[in-house]
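Report on one structure; see the data block that follows.
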Amino acid sequence: MNTYRIVFICTLLAACFWAGGCSQKTTPGEEPASRIGYTELTNLQASGKQVVLLDIRRDDEVARGMIPGAKHIPLAELKLRIHEVPTNAVVVIYCASGKRVPKAVPILKAAGHTALYDFISVTNWRGTLARPR
């Protein structure tokens, strides 16, 4: 009987993880954005819509490589540099682990951005990383 309970609990936890229901927790001042994966991102980029891929990592993190074509604005500078992100664009945000993305969403929303997506992490990129300019 205990084996069945363990299997049942593990199944529930796995389902929760894969559905994303347990993984996107926010604290006051943070907001989630719709999560997208690599395929959804590349489809969005190919759709003809204006897409800004926003890298909010620190400079030292970006020095190791970034997704080609991404706009780098560290989270700490986002409020000051928000004018660099067009409000009519679809904005796809990523960092190193996904923990900073919910902090960037309210900043972008306050500036009028409505189409926001969470790519979570640079590690979700399947291509070669570019060196920052």
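Condition first: free of Cβ contacts under 8 Å to residues at least 60 places away in the same chain and outside any helix (DSSP H, G or I). Now tell me which residues in region 79-93 satisfy that.
Here is the first cut: in region 79-93, the residues free of Cβ contacts under 8 Å to residues at least 60 places away in the same chain are 79-92.
Selection gives Val85, Pro86, Thr87, Asn88, Ala89, Val90, Val91, Val92.
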Test: residue in region 94-102 that is surrounded by 19 or more Cβ atoms within 10 Å (Cβ to Cβ), among the aliphatic types (A, V, I, L, M) and not in a loop (DSSP other than H, G, I, E, B): yes
Count of region 68-93 residues which are surrounded by 18 or more Cβ atoms within 10 Å (Cβ to Cβ) and within 13 Å of Val51 (Cα to Cα): 6
Residues satisfying the stated conditions in region 106-124, i.e. within 20 Å of Lys49 (Cα to Cα) and crowded, with 19+ Cβ neighbours inside 10 Å: Leu108, His113, Leu116, Tyr117, Asp118, Phe119
Members of region 67-114 that are small (Gly, Ala, Ser) and touching a Ser or Thr at 6+ places or on another chain (Cβ under 9 Å): Ala96, Ser97, Gly98, Ala111, Gly112
Residue tally, condition part of a loop (DSSP other than H, G, I, E, B) and surrounded by fewer than 20 Cβ atoms within 10 Å (Cβ to Cβ), over region 40-66: 8
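Values quoted throughout were computed directly from the atomic coordinates according to the rules given, and no laboratory measurement underlies them. From a predicted model like this one, the values you see are computed outputs, not experimental measurements. Reconstructed Cβ throughout: ideal geometry from the backbone, glycine too, with neighbour counts over all protein chains shown.
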